[in-house]
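Enquirer: Okay, handing you the structure first.
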Amino acid sequence: MPANLPPQYHEAEKIYRSAKTPEEKVEALEAMLAIMPKHKGTDHLRAELRRRIAKHQEESQRRPSGGKKGGSYNIRREGAGQIVLVGLPNSGKSRLVSALTEAAIEVADYPFTTKAPVPGMMEFENIKIQLVDMPPLTDREAKPWLSHLLRNADVLLVMIDLSEDPLVQMDAILAELEGMKVKLLGMELKDEFLIGVALKKALIVGNKNDLDNGGENYALLKSSYGDKMPVVSVSAQKGIGLEEMKRTVYNMLDIIRVYTKSPGAKADFSEPVILKTGSTVEDAAGSVHKDFLRRLKYAQVWGSGKFDGQRVSRGYVLEEGDVIEFHVGKIE
Ligand SMILES: Nc1nc2c(ncn2[C@@H]2O[C@H](COP(=O)(O)OP(=O)(O)O)[C@@H](O)[C@H]2O)c(=O)[nH]1
Ligand SMILES: [Mg+2]
């Protein structure tokens, strides 16, 4: 472990060690991840933290909740990542999810149409990403379970209606999130805030850019938050800006797509293996098949390697788009 980690990291690690529930563990790990400096030297450690986050998130989702009982809904994570929508009533959350997924969703021009979380799968190139439509943050009845879903998400999609004042909406959303002990990464981080607080990656989506003031309000939003987190402009209704939004979401997931091939064959680029950034040949083998991992001798990589078909060891760190050929020993 690098010795030059800031003191808050060790604080968060202590909290992690003493955490009892998977949710508390995820929170502490996310704090550790947020505090850790980002460079090549911490790639492995960050990948390890993400692995643990994923593990505890799974644990938390496996625990029986029986729908809304105990005030909690669980949405099982599917695809390459889970994106949960947050926003005020009528910002267009449901419209966006219905534009991008097959989910059967009610869109209406009166507030509080959405009462329960509704997941749908959004296609991006050769993968699928899960979007979860949500009731507005201001929905009192939904409060207890809203917070749980926000904490479990990989990325929060903050929906802003560009036909209204964007900064007033952001303030209201940030205040609601703060009330649920959810903090957006990129916003100012106070030490005392870390305990019990979930730090979440967020993307701000300015919606309804087809309406009057859309451009002006977007410029205002971008100049106020653009240095803190990604901000994009879309029209869910007219289908404007959605491709750029999808790519931004993908980039925020910290994942790579690699492809496997058998000797003498071509890689199948329609079936990526999805891995966390910083994953190794060994991780890739394990995610294809446990047995593969056990029998793995070495691999050849096309793409990020120095030359095509370079022979690499189990610990070799893979990059987006790499093609891997596994060479395994005999079954004992
Ligand atoms: N002009 C315009 N209207 C939109 C857009 N997206 C949503 N709306 C409208 O805004 C209203 C609220 O949308 P809805 O998706 O139900 O909002 P939610 O409460 O955030 O889920 C509906 O009347 C939608 O048709 C958009 O991009 N442009
Ligand atoms: Mg809705």
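The values are calculated or read from the model by the stated rules, or taken from the named source; none is laboratory data. In this text the structure is predicted, and so the values were computed from the model without any measurement. Note: ideal-geometry Cβ built from the backbone for every residue, glycine included; neighbour counts use all protein chains shown.
Enquirer: Name the single residue, out of those in segment 129-149 being of a type in the set (A, V, I, L, M, F, W, C) and at pLDDT 95 or above, that is farthest from ligand 2 (Cβ to nearest atom).
Expert: Per the stated criteria, the residue is 129.
Enquirer: A further question follows. Please indicate, with yes or no, whether at least one residue in segment 287-303 is touching a Leu at 6+ places or on another chain (Cβ under 9 Å), part of a strand (DSSP E or B) and of a type outside the set (S, T, N, Q).
Expert: Yes.
Enquirer: Please go through segment 106-134 and pick out each residue that is near ligand 1 (Cβ under 8 Å from one of its atoms) and either surrounded by fewer than 21 Cβ atoms within 10 Å (Cβ to Cβ) or assigned to a loop (DSSP other than H, G, I, E, B) (or both).
Expert: Those that are near ligand 1 (Cβ under 8 Å from one of its atoms) and either surrounded by fewer than 21 Cβ atoms within 10 Å (Cβ to Cβ) or assigned to a loop (DSSP other than H, G, I, E, B) (or both): 106, 107, 108, 109, 111, 112, 113, 114.
Enquirer: Here is a follow-up. For segment 204-243, which residues satisfy the criterion of being touching a residue at least 60 places away in the same chain (Cβ under 8 Å) and more than 19 Å from residue 186 (Cβ to Cβ)?
Expert: Result: 207, 208, 234, 236, 237, 239, 242.
Enquirer: I'd like the full set of residues that are within 27 Å of residue 125 (Cβ to Cβ) and assigned to a loop (DSSP other than H, G, I, E, B), limited to segment 193-224.
Expert: Selection gives 208, 209, 210.
Enquirer: Here's a check for you: in segment 85-128, which residue that is hydroxyl-bearing (Ser, Thr, Tyr) and within 8 Å of ligand 2 (Cβ to nearest atom) is modelled with the highest pLDDT?
Expert: 94
Enquirer: Say we look at segment 244-270 and pick out the residues that are surrounded by 15 or more Cβ atoms within 10 Å (Cβ to Cβ) and without any contact (Cβ under 8 Å) to a residue 60 or more places away in the chain; which of these is nearest to ligand 1 (Cβ to nearest atom)?
Expert: It comes out as 245.
Enquirer: Follow-up. When the residues of segment 314-332 are filtered to those that are in contact with an Asp or Glu (Cβ under 9 Å, 6 or more places away or on another chain) and assigned to a loop (DSSP other than H, G, I, E, B), which remaining residue is surrounded by the most Cβ atoms within 10 Å (Cβ to Cβ)?
Expert: 318
Enquirer: If you don't mind, another one. Exactly one of (1) assigned to a helix (DSSP H, G or I); (2) at pLDDT below 95; (3) of a type in the set (A, V, I, L, M) is unmet by residue 174. Its number?
Expert: For residue 174, the exception is condition (2).
Enquirer: Quickly run through segment 134-168 and pick out the residues that are out of contact with any strand residue (DSSP E or B) (no Cβ under 9 Å at 6 or more places or on another chain) and among the charged types (D, E, K, R).
Expert: Passing the criteria: 139, 140, 141, 143, 164, 165.
Enquirer: Against the condition within 30 Å of residue 30 (Cα to Cα), among the charged types (D, E, K, R), at pLDDT 95 or above and in a loop (DSSP other than H, G, I, E, B), how does residue 227 come out, does it pass?
Expert: Yes, satisfied.
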